[in-house]
Amino acid sequence: MITKLLLVLLVATEISQVVSWKRCDETFCNTVRKSPEGIEQRYYVESTSLVDKTVKAILKTDKPLGAPKLVLSINVYDNEIVHMFIDEDGTQTKRFRPTIALNNNLTQSSIILDDQSTVANGQAGIIRFEMTKNPFNVKIFYGERLFSEINPKNNFVFESLNNKVIAMGVTLHEVERAYGLPEHAEHLALKSTIKTGDPYRHFNVDYGHYQLESRESLYGTIGVLYGHGTKHSCGVFWLNAAQTWIDLETAPNNMEAFFMSESGVVDLFVLPGPTLPEAVQQYAKLTGTAPLPQYFALGYHQSRYSYMTQDEVLNVVNNFESHNMPVDVLWLDIDYTDQKMYFTWDPERFSSPQTLIDTLEATNRKLVAIIDPHIKVQQGYMVHDEATKQKYYVKAKDSQTAFEGECWPGLSSYLDFLNPDALEYYSSLYSQYYFNNTNVHLWNDMNEPAVFNAGADENTMPLSAVHYGGWEHRDVHNIYGFYQTVGTKKGMLSSKPDLRPFILTRSHFAGIQRYAAVWTGDNAATWKYLQMSFPMCLTEALAGVSFCGADVGGFFEIPEDQLYQRWYQAGAWLPFYRGHSTIDVPRREPYLFNDYVQHRVRTALFQRYAHMPVWYTTFYEHEITGEPVIRPITYHYPQDADALSIENEILLGKNILAAPVLEQGVVEYKIYLPGGQEEIWFNIDEDYKRYYGIGYQLISVTLDSVPIFYRSGSIITRKDVQRLTSVDTHQDPFALYICLDDSRNAEGRLYVDDYYSFSYTQNEFLYVNFSFSNNTLSFNHISNTKYAKAAKVSEIIFVNSKSYPVSAVHIIDGKSKILSATFAEGKHTYVVKDFNVSLDEPSTIEFTFKDSSLQ
């Protein structure tokens, strides 16, 4: 919520100004970027050996004198992921490793090592590598294909005498685009940085109204980078919590990256692919997947900085209801607290928190409250008193006293979440102060961490501040907010062990998906920010963080009506769907607009709720497979060269393509449909009109248009009964949209459980495969599990370019019986409804068509 550069934002009583963010030439990056120029250390391999499935190599340099030897360890996991780790040999120098980011469930593979005089050859499964000893270099092969090279330019840096800077170059071969390295307000396909300004920077900052198409840091840092092309894809993951700069150079057939970090060790994972889905899933093996959220979390969230009283919150709910608009969650920003003291409630404006919570619960709605990491320095405030007594704060340099800086409460200190005791204390607070209510969830903000009026330190802690274990803040800066969400989730699970918690965080790091959702931060109400929200969330998804969204309507500034409507239409196709705005703009809940705007927003909201079974199923599949919930087109269609950089369209799973209008005043919208002549897409906005996947096509649109396409050969499960909360839809019947291909076949999946608890981890769920072939629809359970309370299927919509009239329906469940049903013919559909089929057991439904050609 803080501005930067020359913009000064006055909010409440706070003023924040950053003169500028640091450039490469103002940091360690300036010298290291020029390596090997001016860097004495040039390493070579002194010896290699094989120790318990690990290749060990001693790296030595002759300059400068006294430089320690290094130990290189090479492991291969699951016969595919290569891990290279370099640290000093036999010294007491401490270097931070953010291993908490890793999932730690990989199986180490055996390696065969052939150590020759100048080259060491290793192999594990399909992975083979060749280590040249002088100069030090490692080539990695997938089978016989060279896909990656480590230290190809001999510019490896590992400083140990005056500082702890490290750097390593990586080349990815046979690729055409670079994706990844969130979080930046940047396009899906990253740009070359050599000779074109600064590298991409990873240094979590509080950046309001951030610059678009920028390599500047934002709120999160995830060091995974993919090289992708029409033939091959692969990736590399740089695991480091310190300030990092990444130079990129892309050529027609390879990509070069140079990772430079202020401290830490070389902790490098190489992902062989050889496809983008495989590389993404390999990264998911390393850092984990997001656990299945509660169903409500996929609904619409309404927020503002700030709703000032509990009556105001309830008034918002009442207005959504009276205007027939669904909303699942109401959000409280910092002003619900007593003088910005977290874990308190303002005694006048929120005098009865339990009444507010209970009233929301009675309407099947949830509450999300904000908790930031800065603690008001005020004697008598229970959190400050305990943190001071137990020494739970981050300390100032060379001091046992707590670091103090300005933030929302005024003078503040910052909880040291790296301290296990401090983290335990912080977590325990969620068992009190109304946070143990079953419908209360959490928002961690300002956790980069933000420090006001600290321009010289880029509005964060000084890098010399000291954390538990003696680590300087420079060593752990990018993972500070990650640790807060670890504590938040632990606290919520301790107070409500049977409920899946929902947490939103702004600061994030690799592996954050295991703990929280993210959003794109303090954006603004312009078309360009709307457009950039898609590539930003697609990039997060490829980096493991599918649960991403952008503040609908823009946080800063005032959206004009057309932008406001288009943002609601587009935001419905990002996983996290929240309207949010700052304190100094007019209220903008959708019911405050004219009837035309209300109608379009209401339609977009109900379209989101109709597709929530698809969202929920895809989130479950993400948890078990690591595949992103949302995907760029090229994820499934790499052979479409024209799609390599497309970022204004999203695949939800593989069967829905969302191409909402992201431009102002258009009447014809240019949309890319992939897959070739054999792939058919049905536009639900045009009554399921057929289009072929032959590339760019102009489609006529109005302000009511939201071009959404179902893929032929798919079965889409929806809930079309319109309700005002997702909880109200739990027992509403399912509708199956059977999108027949030209062979009259289709297939799809549905996941169902109780939508809120962890019972699904005890096999209390249904995971059903629907398949249509030979005029027969089959329901088959994918997993051997049970759930008896699933809603039934009561409607089937056949989708294709011509109607297939149905004259009778039979269900086969050991005996044949005719279902009572009614039929309705549309322009491109045929509807069979008014029947009920249970999902509890496998079953088969046979259809009799009037058209004899379909028999």
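Laboratory data are not the source of any read-out in this text; all were calculated from the coordinates shown. These numbers come from a predicted model, not from an experiment. Every residue, glycine among them, receives a Cβ derived from its backbone with ideal geometry; neighbour counts consider all protein chains shown.
Counting 0.36 nm for each residue step from Asn163 to Glu841 and taking away their Cα separation leaves a gain of 237.6 nm. Using C-alpha pairs below 8 Å separated by at least 6 residues, the relative contact order for region 546-651 is 24 percent. Using the Cβ-Cβ distance between Gln562 and Gln354 with R0 set to 51 Å, the FRET efficiency works out to roughly 0.75.
Summary value for the chain: 9 percent relative contact order, contacts being C-alpha pairs under 8 angstrom separated by 6+ residues. With contributions of -39500 (n - 2.57) from each DSSP H run of at least four residues, the per-residue ellipticity at 222 nm computed over the chain stands at -5000 deg cm²/dmol. Full extension of the segment from Lys69 to Tyr44, taken as 0.36 nm per residue of separation minus the current Cα-Cα distance, would add 8.0 nm.
In straight-distance terms, cross-link reach from Lys231 covers every one of the aspartates and glutamates whose alpha-carbon lies under 14 Å from its own, apart from those fewer than eight places away in the same chain; here that gives Glu174, Glu176, Glu278, Asp640, Asp642. Of the listed values (1) 104, 73, 49; (2) 89, 70, 51; (3) 80, 69, 66, identify the label whose number matches Cα extents along the principal axes in Å calculated from this model. Matching the structure shown: (2).
Of all lysines in the structure, those lying under 20 Å Cα to Cα from Lys69, and not within fewer than 8 positions of it along the same chain, are Lys56, Lys60, Lys94, Lys133, Lys164.
Hey, with R₀ at 35 Å, roughly what FRET efficiency would Tyr433 and Asn745 work out to, going by the Cβ-Cβ distance, to 0.05? So the FRET efficiency works out to roughly 0.05.
Peptides 414-420, 531-537: what's the order by average Cβ count within 10 Å, highest mean first?
531-537, 414-420
The phi torsions of region 602-613, fed into the Karplus equation with coefficients 6.51, -1.76 and 1.60 and a -60° offset, translate into couplings of 4, 4, 5, 4, 5, 5, 4, 5, 4, 9, 4, x Hz, rounded to whole numbers, with Gly and Pro shown as x.
With the simple spin-label model, which puts each label point 7 Å out from Cα in the Cβ direction, the Thr196 to Ser773 separation comes to 4.8 nm. Compute the angle between helix 527-542 and the longest alpha-carbon principal axis of the chain, please, reported from 0 to 90 degrees and rounded to the nearest 10. Tilt of helix 527-542: around 80 degrees. Angle of helix 561-571 to the longest C-alpha principal axis of the chain, folded into 0 to 90 degrees and rounded to 10: 80°.
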